[in-house]
1. Running Debye on the range 183-305 with equal point scatterers at the Cα sites and no solvent, what base-10 log of I(q)/I(0) appears at q = 0.13, 0.16, 0.17, 0.22 Å⁻¹?
2. Which of the aspartates and glutamates could be linked to Lys214 by a straight reach, that is with a Cα gap under 20 Å, when you skip same-chain ones fewer than 8 residues away?
3. Setting aside same-chain residues fewer than 8 positions from Lys102, which aspartates and glutamates have a Cα under 15 Å from its Cα?
4. Under the rule of at least 5 residues apart or a separate chain, name every residue whose amide H is placed under 5 Å from the amide H of Ala205.
5. To test your reading of the geometry: what angle, between 0 and 90 degrees and rounded to tens, separates the Cα axis of helix 214-224 from the longest principal axis of the chain?
6. Anyone know which of Pro18, Pro126, Pro150 comes out most mobile in the 10 Å Cα GNM of the chain?
7. Report, in degrees rounded to the nearest 10, the 0 to 90 angle that the Cα long axis of helix 277-304 makes with the longest principal axis of the chain.
8. Which order do the peptides 6-17, 65-76 take when ranked by the mean count of other beta-carbon atoms within 10 Å per residue, highest first?
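Bear in mind that the values in this text are calculations on the coordinates, not laboratory data. Keep in mind that this is a model prediction, so the values were computed, not measured. Glycine also receives a Cβ, built like all others from the backbone with ideal geometry; neighbour counts cover every protein chain displayed.
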Amino acid sequence: MRTVCDIYDQARATGRQPLSFEIFPPKGDLTLETAHEVAAELAMLLPDFVSVTYSAGGSGNKRATADVAAMIHDDFDVPTVAHLTCAGATEDSLAAALDDLKHKGVTNVLALRGDRVPGTEPDAGPFRFAKDLIMRLADEGFCVGAAAYPEGHIECTNFKASVAHLKQKQDAGARFFVTQLFFENEYYYRFREAADKAGITVPIACGIMPFLGKAQIERMVFMCGASLPSPIIKLLAKYEDDPAALRAAGIEYACAQLVELQAHGVDGLHVYTMNQPDIARACASALRASWKQGAAAAGSDEAVS
């Protein structure tokens, strides 16, 4: 399996921005059959890779992540990234998980702490933080990515401390980062500047999730601590009684975010698809149309000069 580390390294050398998608099983109930159908549509868009999330809250069939990741690569020749959490993990359970990933040919892993496991001490176990898992994965030869938080981690009120934690992940062996969702690009630009100053040199891809409904966005805000800018609040009010129009507005807003980030020259673009291929199609179409327009404009400028 081609490593995502190589994908980002090659993209940086050529100035290209990788585009990736995420399959997101909220409760670990994404079947291989359903995943295959979603992946088939995503593969048609030629993403640089597809990431597969872990079961939320430690529930569900955890090994399904490796199964789905291996299936996408084997059936569609698309590089994949398997998410892996360490909260509550033991040496034996982690060793079993890593053996399973290796057996299925998964070489790329996004290392996460994960949600606190109910009934356990907050930092119990040998793998207290994502950096502990990153170090183990790197030692095992995986291409390791990790999460980044443009507005700071929801459990950390100190923004500088959040950036310092990111540096620790890089030092532990993380070769790329994917951000948590954000709805205002200025937060990413501020974060990227702070990361540069802190000595973070690996790529940081921008994670974008369209808002599709009021309940969904409220859940995301409380789970992730993402700020809601005024334009989104106005859209929520405008289309409060029209779910279809609100969904369309949310996808359009995400596309506009991605196009601006692309123009800004970010390291990569990652779309949280929520298992809805039409979201991925809309985002990929907007990005490619913008890129073609920019390339045509550059060609015109060269012709004039």
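1. -0.61, -0.87, -0.95, -1.31
2. Cross-link targets: Glu184, Glu240, Asp241, Asp242, Glu252, Asp278.
3. Asp67, Asp74, Asp139, Glu140
4. Under 5 Å from the amide H of Ala205 lie the amide H atoms of Phe177, Val178, Thr179, each far enough along the sequence or on another chain.
5. On a 0 to 90 degree scale, this one is about 50.
6. Answer for the Gaussian network model of the chain: Pro126.
7. It is inclined by approximately 50 degrees.
8. Packing order, densest peptide first, comes out as 65-76, 6-17.
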